[in-house]
Structure formats: C-alpha cells, structure tokens
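To keep things clear, I will list the structure first and then write my remarks on it.
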Amino acid sequence: MGNVNHKKNGECENCPNRAATAERAIENPGRRRFLNYLLGTSFGATLVAIFYPIIRFITPPEVIEAAQNSVVAGKVSELAANSGKIFKFGNKPGLILRTSSGEVKAFSAVCTHLDCIVQYQPESKQIWCACHNGQYNLNGQNIGGPPPRPLEEYIVNTRGDEIIVSKG
C-alpha cells in the first residue's frame, strides 16, 4: 500500500526525493522573485512609454516671457488720424491708435472674452473683436458684447518720430 507516514512536499526523512525537493524549494523563490521583478518593471516601463508622451502633449510648454516693459510700436508719421495698427509687444499683440483729435493711445490687442485679437474700426470709432462682436470705446472700456472687463491700457510716449509703448 505504500508508505502511510509519507508527508507532502518531501518533508519525510526517508523520502528518496527529499534533497531534490528541498533544492527546488530554495531555487524557486529566487526565480519567482526575479520573474515578478522583470514582469513588474516591464509593465511599468510600458505604462511610462504610453502615458509620458500623452502627458507632455497635454501640458503646455513653459514659455519664458521676455521681461520687456517697453517697445517701439511705430512712427507718428505712419499713423494717420482716426486709424489703428497692431504691433508686437513681447509675445502678445498690442493695438496702437490715433484718435480724430490726434491723441495716441495703446492697448493690449487681446480681447478679454476669449483672447481673440481686437482691431480698430475707424467708421464707428470703436475697438472691435470679431469673434463674438465685442466692442470697446477709445478708452478701452467694454461697451458691448460679451467681454467681461476692459482692455489693458499701455503708456504711450513719443521720442522724436517714434512711438514708445510701455506697461504701466
């Protein structure tokens, strides 16, 4: 009938396979640990390889804005009465306009509603945003449409024929 006192896993003293079973028990945890480590790290590396480009694509790049407080926006002789002109102020556009009376004013050309670019309309003597028909007066105040607040106004100085615009 066989050995009745035979224990499982090779724990009996008289078992001929006792040494081989004990040796396998010692080797298996090392192999299993290594395979678990290998599978775990390859799974983690795969997740990183998939999600890292997606996260980099979603997050906007860090743009270092130049600490530019003033810029030459144009020449007085080029800007006729009752006209406007878009100029570059750092990495954002600006709007310089000359009223009918000859006064020169400058504003941010970015609409306060959805960051569209505004333009000067000489026939209505208003600053207008084409995106949602936002309207501003010549002082940059929002007077119609969806813009929630006035345009940012810049300080205008003239030096000879040059128009110098600066943040204030």
Residues whose modelled amide H sits under 5 Å from the amide H of Gly74, counting only those 5 or more places away in sequence or on another chain, are Ile163
Two-site label geometry, Ser83 and Phe34: point separation in nm, points 7 Å out along Cα→Cβ:
8.1 nm
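For the stretch 70-166, state the average projected area of the convex hull of the C-alpha atoms over all orientations, rounded to one decimal in nm².
Numbers: hull surface 22.1 nm².
It is 5.5 nm².
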If amide H atoms are built 1.01 Å from N in the plane of the peptide, which residues on other chains or at least 5 residues away come under 5 Å of the amide H of Tyr154?
Ala106, Phe107, Ser108
Order by protection proxy (mean Cβ within 10 Å, highest first), peptides 32-45, 111-124
111-124, 32-45
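Only the coordinates and a few stated rules stand behind these numbers; no lab work does. Just so we're clear, the structure is a prediction, and the values are computed from it rather than from any experiment. Note that we place each Cβ from the backbone using ideal geometry, even for glycine, and neighbour counts take in every protein chain shown.
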